[in-house]
Amino acid sequence: MAKVFVDAKEVKAGRFIDARFNLKDKKWGQLEYDKEHIEGAIYWDLERDLSDLSRIEGRHPIPLKEQLQFLFEQSGLRLEDTIYIYDQGAAPFAARAWWMLTYASFPNVYIVNGGYSALKQAGFTVTAKVPTFTPSKISITWNESIYASRADVKNIVDNKKKATLLDARAAERYRGENETIDHIAGHIPTAKNFDWEQLIKGTSLHSNEQLLKKVSKDEEIVVYCGSGVTASPLYAVLAESGYENIRLYVGSYSDWIAHYDVETGENL
């Protein structure tokens, strides 16, 4: 079973990445980091660092591989580093950063359950000082087995590829009853639904019986959400739970609807 999440008390020496963000107040995460953060932590912003908003593959398109490698190297990361990522706790942003580092085959990357407040409560030093690191040079082997493209998803919808699509959005958005963001309501055809917020316990994320009943470990699973952000914690919890054949459609629903039709209702 993959180790994805750690409690603050399990955190040892390593690199820290602060991924705090608020989709409704997009300056909040940077401002909180500037106010104070775990000593040695660098800040990665969802829209500046973990997305390329100049691209058109959904609302939060994944940066090009060259952009991600530049981010990792400018952050001074090395493949052998132990890396701890935190956000405000029970949020999707640390999982987004974790997935991208996992995509780049960093072997020792963890999400801190409980987030910033848990680390602070555990006694980690906080500061407003921004650390500096010497840029690194790394050779990345991209793990394409965890990435799903729009074409991959289309093959699943067309029954050319056997896999389960799992929609991480709220049930009413999935069913097409109350779409609050995208201009077309519904979901990708054939998809099942599991609202990622069902994984929240306090300020942590955990698997539960409902998730384990929704999908089995012997099926291939492709998770998606509205823009690839909130599907990340669902992916991470599945990985922690021992699911080995899972991929993330980073473009997600907002990318799909620009090209193909949707369906409404519910697939059990």
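Tabulated data
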{"quantity": "Test: SER139 is out of contact with any Gly (no Cβ under 6 Å at 6 or more places or on another chain), closer than 23 Å to LYS3 by Cα and among the small types (Gly, Ala, Ser)", "calculated": "no"}
{"quantity": "Residue list for region 209-261, restricted to those being under 22 Å from GLU172 (Cβ atoms), open to solvent by 40 Å² or more (accessible area, probe 1.4 Å) and in contact with a strand residue (DSSP E or B) (Cβ under 9 Å, 6 or more places away or on another chain)", "calculated": "LYS214"}
{"quantity": "Where GLY58 falls short, out of the listed (1) closer than 19 Å to GLY228 by Cβ; (2) open to solvent by 20 Å² or more (accessible area, probe 1.4 Å)", "calculated": "(2)"}
{"quantity": "Condition met for GLY89 (at pLDDT below 95 and either over 21 Å from TYR33 (Cα atoms) or buried (at least 19 other Cβ atoms within 10 Å of the Cβ) (or both))", "calculated": "no"}
{"quantity": "Members of region 164-185 found to be part of a loop (DSSP other than H, G, I, E, B) and either surrounded by 22 or more Cβ atoms within 10 Å (Cβ to Cβ) or within 20 Å of the chain's Cα centre (by Cα) (or both), listed by number", "calculated": "ALA168, ARG169, ALA170, ILE181, ASP182"}
{"quantity": "Of residues in region 242-259 being in contact with a helix residue (DSSP H, G or I) (Cβ under 7 Å, 6 or more places away or on another chain) and in a loop (DSSP other than H, G, I, E, B), the one nearest to GLY58 (Cα to Cα)", "calculated": "GLY251"}
{"quantity": "Enumerated helices (runs of 4 or more DSSP H) restricted to region 34-150, each holding at least 2 residues that are among the polar types (S, T, N, Q) and at negative phi", "calculated": "65-74, 115-121"}
{"quantity": "Which listed residue, of ASN159, ASN155, is at pLDDT 95 or above, part of a loop (DSSP other than H, G, I, E, B), under 19 Å from ILE221 (Cβ atoms) and not basic (Lys, Arg)", "calculated": "ASN159"}
{"quantity": "Residues that are open to solvent by 70 Å² or more (accessible area, probe 1.4 Å) and either within 19 Å of the chain's Cα centre (by Cα) or at pLDDT below 95 (or both), drawn from region 139-149", "calculated": "GLU144, SER145"}
{"quantity": "Enumeration of residues in region 92-105 that are farther than 19 Å from GLU197 by Cβ and either open to solvent by less than 10 Å² (accessible area, probe 1.4 Å) or under 14 Å from the mean Cα position of the chain (by Cα) (or both)", "calculated": "ALA97, MET100, LEU101, THR102, TYR103, ALA104"}
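The values are calculated or read from the model by the stated rules, or taken from the named source; none is laboratory data. Quantities reported herein were computed from a predicted structural model and do not represent experimental measurements. Here the Cβ is made from the backbone with ideal geometry for all residues, glycine too, and neighbour counts use every protein chain on show. Ligands, DNA and RNA are excluded from the accessible area calculation, which covers all protein heavy atoms including side chains. Shrake-Rupley method; radii C 1.70, N 1.55, O 1.52, S 1.80 Å.
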